[in-house]
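A quick write-up on the structure given underneath.
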Amino acid sequence: MKIAIIGYGKMGKMIEQIAISRGHEIVSIIDQDNQQDYDSPEFASADVAIEFTNPTAAYGNYLKAFAKGVKVVSGSTGWMKDHGDDVRRMCTEEGKTLFWASNFSVGVAIFSAVNRYLAKIMNGFPQYEVTMEETHHIHKLDAPSGTAITLAEEIVDNIDRKTGWAKGTLTAPDGTVSGTDGVAADQIAIDSIRRGEVPGIHTIKYDSEADCITITHDAHSRKGFALGAVLAAEYAKDHSGLLTIGDMFKF
């Protein structure tokens with residue numbers, strides 16, 4: 001398979017290594033300093049482009065890839081509020097293909113399935129209050145993380161007493177805490193921590209007077225995310241529309 005890489009940071013470089021190890025060809029690498037390569041025949045030859053950039057660049061990258069008829073796999077978060085409806089329309093009405101996930105880790109896909117199952121059980125036990133905490137490296141721009149939001153939305157879908165999520169506290173790299181630790185009773189509080197080079201830790205806690213139940217996913221490195229993105233590209237090559245992890249993994 002021919003793959004283009006959009007965004008050549010740590011994730012982009014790891015995706016390159018894993019894609020090559022799985023027998024794929026990298027035909028184009030686009031970063032901030034060579035945006036003109038979107039117009040190159042090499043980019044247009046790609047079966048799939050894998051995009052990991054930032055909330056402000058992601059949507060524009062999708063449009064440029066779609067204009068060349070290239071399918072996109074993207075792990076960029078923070079763009080959906082402003083552009084989600086437009087992207088859904090392009091994928092459902094205009095024949096474009098975007099495989100998007102807030103987290104491509106196989107482990108997170110399994111963790112997500114556990115999260116949904118536990119939430120269904122906890123719907124019948126209102127004495128347990130659910131909260132979330134996510135920790136990421138200091139370079140991450142959005143908070144809460146896209147993965148935390150996805151996990152929270154899964155809980156909301158399965159617990160009748162919760163109608164949405166809300167930002168809790170944000171602990172900055174220097175230890176400064178902002179935000180609030182008081183959210184409405186029908187909201188799930190998501191606290192965020194930014195420190196070091198943490199790839200990603202997500203913790204969901206159900207607390208009661210009697211006891212506490214906690215589930216955690218702790219990423220050791222970005223390798224799991226990169227492998228998942230390449231697996232998603234392999235899947236997207238033969239599928240179309242707006243694709244998600246749920247399409248690829250039937251848990």
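The values are calculated or read from the model by the stated rules, or taken from the named source; none is laboratory data. These figures come from a predicted structure and were not determined experimentally. Note that each Cβ is placed from the backbone with ideal geometry, even for glycine, and that neighbours are counted across all protein chains shown. These accessible areas exclude ligands, DNA and RNA; they are computed on the full protein's heavy atoms, side chains included. Shrake-Rupley method; radii C 1.70, N 1.55, O 1.52, S 1.80 Å.
From the list Ile18, Ile50, the one residue that fits, being surrounded by fewer than 19 Cβ atoms within 10 Å (Cβ to Cβ) and hydrophobic (A, V, I, L, M, F, W, C), is Ile18.
For segment 149-175, the candidate set comprises residues that are of a type in the set (Ser, Thr, Tyr) and at pLDDT 95 or above; within that set, the residue that is surrounded by the fewest Cβ atoms within 10 Å (Cβ to Cβ) is Thr163. When the residues of segment 60-82 are filtered to those that are modelled with pLDDT of 95 or more and open to solvent by 40 Å² or more (accessible area, probe 1.4 Å), the one that is nearest to Leu242 (Cα to Cα) is Lys71.
Listed by first and then second residue, the pairs with beta-carbon distance under 8 Å, at least 6 apart or on different chains, first residue in segment 155-167 and of a type in the set (A, V, I, L, M), second surrounded by fewer than 17 Cβ atoms within 10 Å (Cβ to Cβ) and in a loop (DSSP other than H, G, I, E, B), are Val156/Thr163; Ile159/Asn123; Ala166/Ala184. Consider Arg161 carefully, then state whether it is among the basic types (Lys, Arg) and more than 19 Å from the chain's Cα centre (by Cα). The answer is yes for Arg161. When residues of segment 83-106 are filtered for being open to solvent by 30 Å² or more (accessible area, probe 1.4 Å) and of a type outside the set (Lys, Arg), how many remain? Looking only at that region, the number is 9. Applying the condition of being open to solvent by 90 Å² or more (accessible area, probe 1.4 Å) and outside any strand (DSSP E or B) to segment 22-38 and asking which residue is nearest to Gly228 (Cα to Cα) yields Arg22. Scanning segment 140-157 for residues that are within 16 Å of Ala189 (Cβ to Cβ), small (Gly, Ala, Ser) and assigned to a helix (DSSP H, G or I) yields Ala148, Ala152. Considering (1) small (Gly, Ala, Ser); (2) more than 24 Å from His220 (Cβ to Cβ); (3) buried (at least 18 other Cβ atoms within 10 Å of the Cβ), the lone condition that Gly124 does not fulfil carries the number (3). The set of residues from segment 136-148 being among the β-branched types (Val, Ile, Thr) and either free of Cβ contacts under 8 Å to residues at least 12 places away in the same chain or surrounded by fewer than 22 Cβ atoms within 10 Å (Cβ to Cβ) (or both) comprises just one member, Ile138. Going by what's in this entry, would Pro126 be described as closer than 27 Å to Gly75 by Cβ and not in a strand (DSSP E or B)? So Pro126 fails the test.
With segment 39-121 as the region, which helices (runs of 4 or more DSSP H) entirely inside it contain at least 1 residues that are without any contact (Cβ under 8 Å) to a residue 12 or more places away in the chain and within 18 Å of the chain's Cα centre (by Cα)?
58-67, 80-93
Every condition in (1) basic (Lys, Arg); (2) farther than 14 Å from Phe104 by Cα; (3) surrounded by 14 or more Cβ atoms within 10 Å (Cβ to Cβ); (4) modelled with pLDDT under 95 holds for Lys250 except the one numbered (3). Would you confirm whether or not segment 210-218 contains a residue that is out of contact with any strand residue (DSSP E or B) (no Cβ under 9 Å at 6 or more places or on another chain) and not hydrophobic (A, V, I, L, M, F, W, C)? Yes - at least one qualifying residue is present in segment 210-218. Whether any residue in segment 188-197 is without any contact (Cβ under 8 Å) to a residue 24 or more places away in the chain and on the phi > 0 side of the Ramachandran plot is what I want to check. Checking segment 188-197: not a single residue is without any contact (Cβ under 8 Å) to a residue 24 or more places away in the chain and on the phi > 0 side of the Ramachandran plot.
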